[in-house]
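What follows is a short report on a single structure.
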Amino acid sequence: MNVYPGKPVVILCCFAAVVSIQVSHGQVMLSPTVEPNASVAQPAKPSTPLVLHARQQSDPPLRYRLWPAPERRRPRGAMVAVNRSMLLVAQVSAKQKRDFLDRYDAWTDMPIDELPIEEAKASYLPFETAIGVLRTGENWMDLKYDLGLEDMSFSEKLGTLLPELQESRDLARLLCMRARVAAAEQRWADAVDDLRLGFRLSEITAHSTNTLLSRLIGIAISESLLETIESMIQQPDCPNLYWALAGLPVDRLFEMRDAIEYESTVAYHAGILAGLDELPDEIIGEARALIRLKELSDVIATMYDSVNSSAETTLLRQLSTGVLITMMVQPSRQLLLENDDWKERVDELSDAEAVLRASDFELSRIRERWLAWSLLPNELWDVSKAERDAAMKVSTDTVTLGGQMARVMLPSFQTATSSGLDVKQQHHRLLTLEALRMHAAETGALPEAIDNLTPVPAWSDPISRKSFVYLRQTPTEATLSRAAGRRDKKNLTLTIKLQVTK
């Protein structure tokens with residue numbers, strides 16, 4: 001289903017959503033634990049050889065920049081220009097938007113030298129004013145965009161609209177297409193200008209809020225820009241962009257830690273999620289506990305209503321009749337025996353309060369465990385993979401309402417952490433390809449190995465934390481292989497052909 005500009009993005013499941021890292025016309029935001037249809041693996045397509053043309057570094061080295069030069073940066077609010085640009089996009093007719101978006105994917109899949117230039121130009125011409133306004137904020141580096149999310153109730157967050165996220169993806173598509181057309185016409189400075197603006201849009205979108213939704217869409221924008229660059233560097237006259245790529249602040253662009261921490265704050269106490277105060281230390285009694293349980297049931301109903309699958313509908317019927325809560329009484333009392341604050345007082349609790357206290361305890365325990373293991377640096381993930389996966393998995397057999405809420409709200413840890421790493425790998429591989437082009441410009445051939453390239457080094461694979469696997473078959477043919485990412489496990493090996501100019 002294609003969603004065109006004007007249809008707002010809604011924060012579902014309190015931002016704990018999983019989106020495909022590919023930029024698509026529409027995103028359905030669902031937690032992986034309740035997603036109705038699992039993705040079906042598709043057979044990998046045979047990779048098309050990537051043609052490289054030898055090219056020296058520019059003189060001066062940073063003649064082309066994919067990030068604003070230090071002297072141009074200004075401490076002004078970047079979202080001002082972005083929002084003004086989006087207002088102008090909204091004034092473009094629905095037909096013109098549809099005409100562009102309907103052809104975007106097909107044009108993006110084409111080699112740049114096969115692009116129908118005049119047709120592509122005509123399709124993005126109505127958006128030129130919006131792009132010009134966006135460009136006024138290219139060097140504005142302040143990312144603050146305070147929507148007051150931290151002070152909203154759960155229901156308010158659940159219903160928050162973020163149409164700017166949808167619009168930012170469409171702005172990114174426009175910039176990618178403009179860059180492709182400029183490359184087809186060998187206007188390399190113009191192409192790089194649009195790409196640089198795109199990377200700024202990526203950062204602004206990613207950090208507009210501290211939610212995973214913002215981060216993942218920002219990263220998706222960067223991925224589309226890097227794919228555009230990979231197409232560009234296969235053109236015979238494309239300048240070498242090694243230093244331009246090296247200048248991108250990838251740790252900032254693909255940073256996920258703040259978003260992971262923010263997501264975890266939402267799932268802190270069951271009472272807070274229901275818009276209530278944190279549970280006091282003293283016993284509150286059956287009547288007050290029943291009121292809180294009703295509030296919790298309403299919150300879960302709201303979340304599951306967003307999913308609208310038959311299994312969750314059954315759960316809602318159970319909740320509405322109190323059947324599920326009744327079934328939770330004995331498991332809840334057992335769980336509270338593991339709680340240092342309540343194990344000596346379990347018998348003093350009414351059934352309703354036992355379920356309530358256990359829900360709060362299980363939700364907090366799952367959240368703290370999830371957050372604690374997310375603090376490990378990437379290099380330790382593989383060392384403790386089994387322990388980490390076991391600790392961070394929210395079982396379908398959770399015994400309380402709090403556990404059910406954790407299943408819905410806490411995002412897939414692998415999705416939350418791997419998206420940025422996979423695109424960082426794409427960035428490092430591009431730098432390695434540009435290093436190969438520079439080496440070939442000096443020697444007239446591909447190197448026998450990439451460990452000691454001249455005049456610039458190859459970059460390492462951030463997933464394997466080793467060099468990309470490089471094998472040369474002939475002076476003009478080689479393969480470059482990357483480690484399998486957690487998200488993208490297809491086409492791991494790239495076939496390289498060096499085109500020698502006689």
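Every number here is computed from the coordinates shown, using simple stated rules; none is lab data. Note that this is a predicted model, so its numbers are computed, not measured. So basically every Cβ, Gly included, is an ideal-geometry build from the backbone, and we count neighbours across all protein chains shown.
Between residue 344 and residue 80, what FRET efficiency comes out of the Förster formula 1/(1 + (r/R0)^6) with R0 = 45 Å and r the beta carbon distance, rounded to 0.05?
0.20
Grab the Cα-Cα distance for residue 251 and residue 150, subtract it from 0.36 nm times how many residues apart they are, and report the gain in nm with one decimal.
Going from the current span to full extension adds 33.9 nm.
Can you tell me the order of 278-285, 200-207 when each peptide is scored by its average per-residue count of other Cβ atoms within 10 angstrom, highest first?
Packing proxy ranking, top to bottom: 200-207, 278-285.
If each of residue 92 and residue 445 carries a label point 7 Å out from its Cα toward its Cβ, how far apart are those two points in nm?
Here the answer is 4.9 nm between the modelled labels.
What FRET efficiency do you get for residue 492 and residue 122 if R0 is 35 Å and r is their Cβ-Cβ distance, rounded to the nearest 0.05?
Using R0 = 35 Å, I get an efficiency of 0.35.
Distance in nm between label sites at residue 484 and residue 143, each 7 Å beyond Cα in the beta-carbon direction?
Result for the modelled spin labels: 3.2 nm.
Could you pull out the pairs from 385/490; 97/489; 294/393; 144/393 whose alpha carbons sit more than 25 Å apart here? Mind showing how you got there, number by number?
Values: 385/490 22 Å; 97/489 33 Å; 294/393 27 Å; 144/393 33 Å.
97/489; 294/393; 144/393, as the Cα separations exceed 25 Å there.
For a test of the definition: using alpha carbon positions, the gyration tensor, and the 1.5 limit on a/c, classify segment 143-249 as rounded, prolate or oblate.
Values: a/c = 3.45, a/b = 2.61, b/c = 1.32.
Note, shape of segment 143-249 comes out prolate.
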